[in-house]
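Okay, structure first, notes after.
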Amino acid sequence: MVKCSFCGRNIKGLPYKCHRCNGSYCDNHRLPEDHHCPGLEKEKSKNQERWRKAFKSSSYQHEEKKDRTVTHRKTNPFKKLYYKFKYWLTNRQHRAYRYSRFQSYVFPLLIKFIVSLVAIIIIYSNLIKINDVGFWIIKLGSVLFLIGLFFLIKYSIKLLSEIWNWIKRQRNWLKYLIIIIFLVLLWQAYDNRTTVLNPVFDYYNQTNFSAFWPLNLGNFEWKDEISFDYGNDADDTKTITIPTSTKGRLDERQIELEVHRLINVQRSNNGLSSLSLDSKLSDISRAHSEDMVNRNFYSHTNPDGEEPSDRGNKADYYCSKSLGGGWYTDGIAENIAMTPVGDVIGCGYVYDETDVAECTVNGWMNSPGHKENILTAVFDKEGVGVAIKSNEVYITQNFC
């Protein structure tokens, strides 16, 4: 019977023969580590240097390859974009576009897009009126506008995705043609930026984005008594009860837009064309309102002796209108108002932007001089500027 070369016990069954040290071992010491195989230690020491070199070479190559990859990403950030664009131009997807999708998918999607667009236009044009119909602190008009805007963006993305899907499956020459048309349109827009882009920027600057906020967080404050001037021809003073502070609660731009809307309503009721809102003329009006607030005066003539036309000429805004029969006007016309917030005689309780605008326009329409400016047929542009001082809203309206 064979004995284990490590523990000396008799081996039942077949012994294990180690090919490194030629010893016989039992089941408990079959592995070289279990019987401290001297042949294994000798083999390790003999090949240790070769293993070290092989490991070092493999590690170096891996690190070098990794460094090359990182360097490529850092030094060529636009190369991949270039190749992707080149691939898009020179490769056409073989799967043809299914035009049957127009009837089943594109047309219904286009109808939904148009309905959303029309709904947004209608809501936007009546936003201030619809906002008057509120539920607690929620402004109904703003909520409806945001919902419509969500669906408009959703359907716009789907339509653009479908257009892109169609372009990908067209021939290369059509892709080149689309790119050329797009570049020509960009160049034309830049070349005619004064007539194309500037009206867009003017419309953006005149937009009152606070009207789209869906919540109406009122500012309920203690009340006090003050006196105010309507801004009419008569020099009469009335006592009212108003909140202690209005500045910071009311939105000046929203008041300007509402005054402009109500003025055009008055002109339309009298058979006259609507006035356009001129951004530069609004800047002149706004500067005069702020000047009245800062220097504590209320007049068409500022402390420097400048009248409306003087302020217009100073801002390089010249206005001349023919009245017919050899008569003409030279310079801008102006209405001003100092409207309070509170319980106003003749206006009721004035609290928000719409109330301020309605009270102001009604006061002007009850004043012969202001009404004449509003209903002058030759005027086609106006500017409205608002500044707030405590509980008084100073409004300047210039015509050209």
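Residues in the range 114-136 that are on the phi < 0 side of the Ramachandran plot and open to solvent by 50 Å² or more (accessible area, probe 1.4 Å): 13 in all. Among the residues making up the range 113-135, those that are part of a helix (DSSP H, G or I) and more than 21 Å from the chain's Cα centre (by Cα) are Ile114, Val115, Lys129, Ile130, Asn131. Of all residues in the range 289-303, at least one satisfies being in contact with a strand residue (DSSP E or B) (Cβ under 7 Å, 6 or more places away or on another chain) and part of a loop (DSSP other than H, G, I, E, B). Of the candidates Ile147, Ile138, the single residue that is in contact with a strand residue (DSSP E or B) (Cβ under 8 Å, 6 or more places away or on another chain) and more than 21 Å from Phe85 (Cα to Cα) is Ile138. Of all residue pairs spaced 6 or more apart or on separate chains, those with beta-carbon atoms under 6 Å, a first member in the range 112-134 that is closer than 15 Å to Lys158 by Cα and in contact (Cβ under 8 Å) with a residue 40 or more places away in the chain and a second member that is aromatic (Phe, Trp, Tyr) and open to solvent by less than 70 Å² (accessible area, probe 1.4 Å) are Lys112/Tyr155; Phe113/Tyr155. Looking at the range 324-343, can you tell me whether even one residue there is surrounded by fewer than 16 Cβ atoms within 10 Å (Cβ to Cβ), within 31 Å of the chain's Cα centre (by Cα) and not aromatic (Phe, Trp, Tyr)? No, that holds for no residue.
Residues in the range 251-276 that are modelled with pLDDT under 90 and touching a Gly at 6+ places or on another chain (Cβ under 9 Å): Glu252 only. Applying the set (1) assigned to a helix (DSSP H, G or I); (2) exposed (fewer than 10 other Cβ atoms within 10 Å of the Cβ); (3) modelled with pLDDT under 65 to Ala234 leaves exactly one unmet item: (1). Between Asn373, Asn366, Asn313, the distinction of being open to solvent by 50 Å² or more (accessible area, probe 1.4 Å), polar (S, T, N, Q), closer than 25 Å to Ser268 by Cβ and at pLDDT 85 or above belongs to Asn366 only.
The values are calculated or read from the model by the stated rules, or taken from the named source; none is laboratory data. Predicted model, so just to flag it, every value in this text is computed and none were measured. A quick note on method: Cβ atoms are made from the backbone with ideal geometry, for glycine too, and the neighbour counts reach across all protein chains shown. Note: areas computed on protein heavy atoms with side chains; ligands, DNA, RNA excluded. Shrake-Rupley method; radii C 1.70, N 1.55, O 1.52, S 1.80 Å.
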